[in-house]
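First the structure, in the form of structure tokens, and then the observations on it.
The values are calculated or read from the model by the stated rules, or taken from the named source; none is laboratory data. This structure is a prediction, so every number in the text was calculated from the model and none was measured. We place every Cβ from the backbone using ideal geometry, glycine too, and count neighbours over all the protein chains shown.
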Amino acid sequence: MSETIEKTELGTTENGIFYPSQVMLDLNDLKKVYPTPKGDYVVLEHLNLQIMKEEFVTIIGHSGCGKTTMLSMIAGLNPISGGNISVLGNPVKGPGPDRGVIFQSPSLMPWMTALENVLLGVNQVFPHATKAQRQDIAKYYLHKVGLDGAFGKKASELSQGMQQRVGIARAFAIKPKVLLLDEPFGMLDSLTRGELQDILIEIWNKEKITAVMITHDVDEAIFLADRVVMMTSGPRAKIGDILDIEFERPRTRKSVLEHDDYYTYRKHLIDFLEH
């Protein structure tokens, strides 16, 4: 008897039985090679990672281990040398609105206002919505990041922290399936960094978008994540270890710091990085 297998975004149907899919992002035997005059430089090799729906994963590892390369491949901004990446079973072939990206530098159009910067993506992703509906979406997310009074301010007039708030609003506003964050708070002072972590996690708790974030900060990795993924040092970097973070959500910084497991988690990550 031949099997009839049909794949959909929600899962797989085999002979009429439906199996729900919980895997949002699948990195399978991923490889990245850069050719050099002295031969191929292999940045990533045999990298396998499955990230579930509504999961928040942080990725840590030494500089040069290929974290950003991996994230840019998921975003579709960097070609894959081997293996494959899929979102809900659909192979990544380039950039797309199913993946939102927040970079370390917000990369805003400096001559445009905060509202116009967020509308850039919203207008592309929701072309059939009315102008008023698109404005409402953009304003809603700017409100969520605390920029009610800055809709009409040009990006060039905003502080670095405020620009990154616009970047967060812009990424959430296109309603992506996966949110990719490349050290979004790395250039900010610790107070602003803490504020934006809280804003990010508050919106994420509400939207429940799958999130993948690169960070160098062990405390940030623990505070935000369901799982912390540790990458081995390059070249030929791959997944070295994965740590499940069992804190309940929603979390507060105080409850995390006072939890018995916090320092155990922290020691595990630091031990890995120091080897």
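Here are some notes:
- Enumeration of residues in region 133-149 that are over 16 Å from P176 (Cβ atoms), at pLDDT below 95 and part of a helix (DSSP H, G or I): D148, G149
- Residues of region 32-82 classified as touching a helix residue (DSSP H, G or I) at 6+ places or on another chain (Cβ under 8 Å) and without any contact (Cβ under 8 Å) to a residue 60 or more places away in the chain, total: 4
- Cβ-Cβ under 9 Å pairs, at least 6 apart or on other chains, region 144-157 side over 7 Å from A114 (Cβ atoms) and in contact (Cβ under 8 Å) with a residue 12 or more places away in the chain, far side aromatic (F, W, Y) and not in a loop (DSSP other than H, G, I, E, B): K144/F172; V145/F172
- Residue that is modelled with the highest pLDDT, among those in region 77-132 that are of a type in the set (F, W, Y) and within 23 Å of L200 (Cβ to Cβ): F126
- Considering each residue of region 59-74 in turn, none proves to be at pLDDT 95 or above, loosely packed, with under 14 Cβ neighbours inside 10 Å and under 21 Å from Q163 (Cβ atoms).
- Failed criterion for D241 (all others in (1) modelled with pLDDT of 95 or more; (2) surrounded by fewer than 20 Cβ atoms within 10 Å (Cβ to Cβ); (3) not in a strand (DSSP E or B) hold): (3)
- Within region 216-235, being buried (at least 18 other Cβ atoms within 10 Å of the Cβ) and either in contact with a Leu (Cβ under 9 Å, 6 or more places away or on another chain) or without any contact (Cβ under 8 Å) to a residue 60 or more places away in the chain (or both) holds for V218, A221, I222, F223, L224, A225, V228, V229, M230, M231, G234.
- Whichever residue in region 175-210 is in a loop (DSSP other than H, G, I, E, B) and within 11 Å of the chain's Cα centre (by Cα) and, among such residues, is nearest to P250 (Cα to Cα): I209
- Residue count, region 176-202 (criterion: surrounded by fewer than 20 Cβ atoms within 10 Å (Cβ to Cβ), closer than 21 Å to A138 by Cβ and in contact (Cβ under 8 Å) with a residue 60 or more places away in the chain): 1
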